[in-house]
1. Compute the long axis of helix 5-14 from its Cα atoms, compare it with the longest principal axis of the Cα atoms of the chain, and write down the angle in degrees, 0 to 90, nearest 10.
2. In the Gaussian network model of the chain, springs joining C-alpha atoms below 10 Å, which of GLU123, GLU159, GLU74 carries the largest mean-square fluctuation?
3. Just the number, please: percent antiparallel of the DSSP beta bridges in the range 108-253, rounded to the nearest 5.
4. How do 206-213, 243-250 rank on mean C-beta neighbours within 10 Å, highest first?
5. Rounding to the nearest 20 debye, state how big the charge dipole of the range 101-162 is about its Cα centre with +1 on each Lys and Arg Cβ and -1 on each Asp and Glu Cβ.
6. Which percent, to the nearest 5, of DSSP beta bridges fully inside the chain are antiparallel?
7. As I understand it, the value is the acute angle between the Cα axis of helix 181-190 and the longest principal axis of the Cα atoms of the chain; what does it come to in degrees, rounded to 10?
8. For the chain, which semi-axes, largest first and in whole Å, follow from the square roots of 5 times the eigenvalues of its Cα gyration tensor?
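Rule-based calculations on the coordinates, nothing more; no lab input. Given the structure is predicted, the values throughout are model-derived calculations rather than measurements. We place every Cβ from the backbone using ideal geometry, glycine too, and count neighbours over all the protein chains shown.
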Amino acid sequence: MKISLSLLFILTLASPIKAETLIFKADRWCPFNCEPTSSQSKEMGYIIEVAKIVFERKGHNIDYQVDTWSHSIESVRSGKATAIVATTMPDAPDFIYPTKSMGSNKECFYVKKKDPWEFLKIENLKNRKLGIVESYAYSAELMSYLLEHPDQTVKSKGETPLMMNLDNMKQNKIDTIIENPFVFNYTTESKKIRDQYEEAGCTNGDPLYIGFSPKNPRSKEFAKILADGIEDLRKDGTLDKIITKYSLKDWSP
C-alpha cells in the first residue's frame, strides 16, 4: 500500500526527536564531577547527577568520561565530545552555553597550617610560589597576574590535578594552592588531611556551566534542554535533594 507524501510529512513531524548518547568530558573536580563508573550516584558529582536526570527525561543518555582538562577542551572544541563539565565561560568562550549556570566558582588560596600569609589583594601574591592547573582559566585579574609572573607558578595536570598540587606542596615546590573551595574541602576531607591546610583568602566567584561543542549542530538544542531542565528540577525539589547530599546550597535560588 502506498502512503501519500502528505501523510509521510505528518508522520515525520510527529516522530520523536532523535535520542543520542551525549559525551561529557572533564578532569575530576569533586563535588562537581567525580567518578564516572561509581556505583554510588553521590560519587559521580552533583553536576553529572543533574545532567543525567535532565537528559534522560528527554530520552538521551550521558557518557561521562574523565580526561585531562586540556584534552577535554580539545575534544569538545573539535566535536569529538558533546560537552565539557564544570567550566567557566573564559575557559572556552567559543562554546555554546545554557542560560542557567550549574554552580559558582571562586578561587581561594590554600597554605599549610600556621602559614601567616593572607590574600587581600592581587599584590599579596608577590613572592609566593603558586600551584595552578594547566589550561585552567582563572578570573581576569588573577589570570593577568599569572601570565605576567610565570616564574611564580608550578602547573599541575592530569586527571586529578589537585592531588598533584597537594603533593607539590608537601615537597615544598609551592607554598600556595589556588583552588575552588568546594573542591579543596571535598578532596582534603575525604583524604582526612583538611586540618593540615588553611584558607588564606578568596577572589569573587564566576558561574559554572556545562559548555557544548561549537561543532555540534544540536548544541543550542542541548543547552536549552539543560537550562529548562535545571529550572524544572529546581521547582519540583529534585535539585535541592541532589545538592543537599553534597552539603551544598542552591547557587541561584
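1. 30 degrees
2. GLU123
3. 55 percent
4. Details: 206-213: 24.4, 243-250: 13.5.
Going from most to least packed, we get 206-213, 243-250.
5. Details: 10 positive and 9 negative charges, 62 e Å.
So the magnitude is around 300 debye.
6. Working: 14 of 28 bridges.
Bridges in the chain are about 50 percent antiparallel.
7. 80 degrees
8. Working: eigenvalues 305, 72, 48 Å².
They are 39, 19, 15 Å, listed from largest to smallest.
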